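Visitor: So that we are looking at the same thing, I have put the structure below in structure tokens.
Read-outs throughout are calculated quantities, based only on the coordinates presented, and are distinct from any laboratory measurement. No experiment lies behind these values; they were computed from the predicted model shown. Ideal geometry is used to build each Cβ from the backbone, glycine not excepted, and the neighbour counts take in all protein chains shown.
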Amino acid sequence: MGTNKVILLLLALSGALLAWMFFGLDPEFQRLSGAGGFLDARLSGYDSDAVLGLQYALADPSRGDARDLLQLMYLGPDLVLPLTLTLSLCLLMRGFAPGAVLYGRRLEARHARLLCLLPLAYGIADYVENASFLLYFPPATPGPGLSALLPDLLPWVSRVKLMFLAVSVILVIRLVLFKTPATRGG
């Protein structure tokens with residue numbers, strides 16, 4: 001299978017996972033949790049009060065279905081999504097960076113490998129956030145250290161994750177749309 005087909009497959013899988021998460025799982029979680037949707041599905045971000053509020057809501061014994069759905073989310077589609085997005089962004093950078101001009105310099109293959117550190121950082125930050133959710137929210141019982149640290153740390157991890165994702169996407173768009181005419185299609 002060619003690289004272009006792999007990229008399209010990864011992007012299609014990413015889109016399907018996002019659709020499932022935002023339009024399937026998140027509305028159901030909102031209904032079951034009574035505390036709003038998944039925190040990382042809130043595109044406007046979230047704060048420590050939202051983390052504490054969701055933790056409090058999920059600690060309610062009657063919210064077992066919401067706890068199960070949270071685990072399904074982070075051990076299912078949100079386990080695969082960071083990988084598919086990271087791989088597709090890296091493949092796009094690897095394909096479009098060589099020969100492109102960025103900040104007045106013609107990029108080589110070694111530059112593409114360096115640029116791939118951005119989507120890799122996104123993927124790592126997303127997995128850190130997801131693991132933190134699984135360690136913090138019931139049925140998990142975090143120790144006092146994690147209980148004190150995670151409500152304040154999680155919003156920052158989310159911001160860093162979204163920053164790396166946004167910069168990666170903007171860079172890919174820049175490389176794709178503004179490739180020099182001599183190197184287009186080549």
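Visitor: Once both axes come from the Cα atoms, what is the angle between helix 144-177 and the longest principal axis of the chain, in degrees from 0 to 90, rounded to 10?
Guide: Its long axis makes an angle of about 30 degrees.
Visitor: I need the semi-axes of the equivalent ellipsoid of region 1-43: take the C-alpha gyration tensor, multiply each eigenvalue by 5, square-root it, list largest first in whole angstrom.
Guide: 30, 9, 5
Visitor: When you take every Cα atom in the chain, what is the radius of gyration, and what is Dmax, the widest Cα pair distance, in Å?
Guide: 19.0, 64
Visitor: Could you check which residue among 122, 74, 56 shows the biggest mean-square fluctuation in a GNM of the chain with a 10 Å Cα cutoff?
Guide: 56
Visitor: Another one. Please check: in the Gaussian network model of the chain (C-alpha springs, under 10 Å), which one of 105, 63, 159 has the largest mean-square fluctuation.
Guide: Per the Cα network of the chain with a 10 Å cutoff, 105 tops the list.
Visitor: Okay, moving on. Nearest 10 degrees, 0 to 90: what angle lies between the long axis of helix 77-96 and the longest principal axis of the chain (Cα atoms)?
Guide: Tilt of helix 77-96: around 10 degrees.
Visitor: Nearest 10 degrees is fine. How inclined is helix 117-136 to the longest principal axis of the chain, computing both from alpha carbons?
Guide: 10
Visitor: Based on the Cβ-Cβ distance of residue 44 and residue 109, what FRET efficiency does E = 1/(1 + (r/R0)^6) give at R0 = 41 Å, to the nearest 0.05?
Guide: Plugging the Cβ-Cβ distance into 1/(1 + (r/R0)^6) gives 0.60.
Visitor: I would also like to ask the following. When only C-alpha pairs under 8 Å and at least 6 residues apart count, what is the relative contact order of the chain, in percent?
Guide: Worked out over the chain, it gives 25 percent.
Visitor: So what J values fall out for region 17-26 if you push phi through Karplus, 6.51 cos²θ - 1.76 cosθ + 1.60 with θ = phi - 60°, rounded to Hz, Gly and Pro as x?
Guide: Along region 17-26, the couplings run 5, 4, 4, 4, 5, 7, 9, x, 6, 4 Hz.
Visitor: Rounded to the nearest 500, what is the 222 nm mean residue ellipticity of the chain from helices alone, with -39500 (n - 2.57) per DSSP H run of 4+ residues and division by all residues?
Guide: Helices in the chain give a 222 nm mean residue ellipticity of -23000 deg cm²/dmol.
Visitor: Check residue 102: other-chain or 5+ apart residues with amide H under 5 Å from its amide H, H built from backbone geometry?
Guide: 107
Visitor: Using a simple spin-label model with points 7 Å from Cα along the Cα→Cβ vector, what separation in nm is obtained for residue 80 and residue 68?
Guide: 2.1
Visitor: So how far, in whole Å, is the C-alpha centre of region 6-69 from the one of region 116-179?
Guide: 15
Visitor: I've got another one for you. Net charge within 11 Å of residue 151 by Cβ-Cβ distance, Lys/Arg positive one each and Asp/Glu negative one each, not counting residue 151 itself?
Guide: Once all neighbours under 11 Å are counted, the net charge is -3.
Visitor: Say each of residue 147 and residue 174 gets a label point 7 Å from the Cα, pointing the same way as Cα to Cβ; how far apart are those two points in nm?
Guide: Here the modelled spin labels are 4.5 nm apart.
Visitor: Still on this model: Between residue 120 and residue 19, what is the spin-label point distance in nm, taking each point 7 Å from the Cα along the Cα→C-beta axis?
Guide: My value for the distance between the label points is 3.2 nm.
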